[in-house]
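Let me begin by presenting the structure, written as structure tokens, before commenting on it.
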Amino acid sequence: MPLYEHVFLARQDLSQAQVDALAASATEIVETNKGKVTKTESWGLKNLAYKIQRNRKAHFVLLNIDAPTGVVAELERQTKINEDVIRWLTIRVDEHEEDPSVMMRKGDRDRDRRGRRDRDGE
């Protein structure tokens, strides 16, 4: 089956529990249509480069999906209807990353830099 990465942005005024419920509903849509979500990552509340539907921030969520093409079409249709999702993007990939995504590793990289700076005496 084809592999996809689906990232969606949820409104800034939602709680983390509501964002997790959105991810769970997306997972349910995929699984009821004979697909599989292999990884779900919540990247947290982040600033946007520009306002989207009067939102300056958004909750970012990544889903790694292993499913037929029709499942992705249904997922995007359901996402389009949902008022809590302000943007989404689904891309087909050759393989999924097994490690945490780049967005999740960014915090580790920043901590390493700060630790290095402290050791160097700056």
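The values are calculated or read from the model by the stated rules, or taken from the named source; none is laboratory data. Small disclaimer: the values here were computed from a predicted structure and weren't measured. Because the Cβ atoms are built from the backbone with ideal geometry, glycine has one as well, and the counts that use them run over all protein chains shown.
Residues satisfying the criterion are absent from the range 45-57 (criterion: under 14 Å from Y4 (Cα atoms), surrounded by 14 or more Cβ atoms within 10 Å (Cβ to Cβ) and free of Cβ contacts under 8 Å to residues at least 60 places away in the same chain). The combined condition, being in contact with a strand residue (DSSP E or B) (Cβ under 9 Å, 6 or more places away or on another chain), aliphatic (A, V, I, L, M) and surrounded by fewer than 18 Cβ atoms within 10 Å (Cβ to Cβ), is not fulfilled by L63.
Inclusion of E41 among residues that are surrounded by 15 or more Cβ atoms within 10 Å (Cβ to Cβ) and either modelled with pLDDT of 95 or more or under 14 Å from E5 (Cβ atoms) (or both) is warranted. Contact map, the range 80-95: residues that are touching a residue at least 24 places away in the same chain (Cβ under 8 Å) and of a type in the set (K, R) paired with residues that are in a helix (DSSP H, G or I) and surrounded by fewer than 14 Cβ atoms within 10 Å (Cβ to Cβ), Cβ distance under 9 Å, separation 6+ or inter-chain. Pairs shown: R92/T69.
Here R105, R119 are screened, and the one residue that is of a type outside the set (A, V, I, L, M), surrounded by 10 or more Cβ atoms within 10 Å (Cβ to Cβ) and either touching a Cys at 6+ places or on another chain (Cβ under 8 Å) or modelled with pLDDT under 80 (or both) is R105. Is there a residue in the range 41-48 that is among the aromatic types (F, W, Y) and in contact with a His (Cβ under 9 Å, 6 or more places away or on another chain)? Yes, the range 41-48 contains at least one residue that is among the aromatic types (F, W, Y) and in contact with a His (Cβ under 9 Å, 6 or more places away or on another chain).
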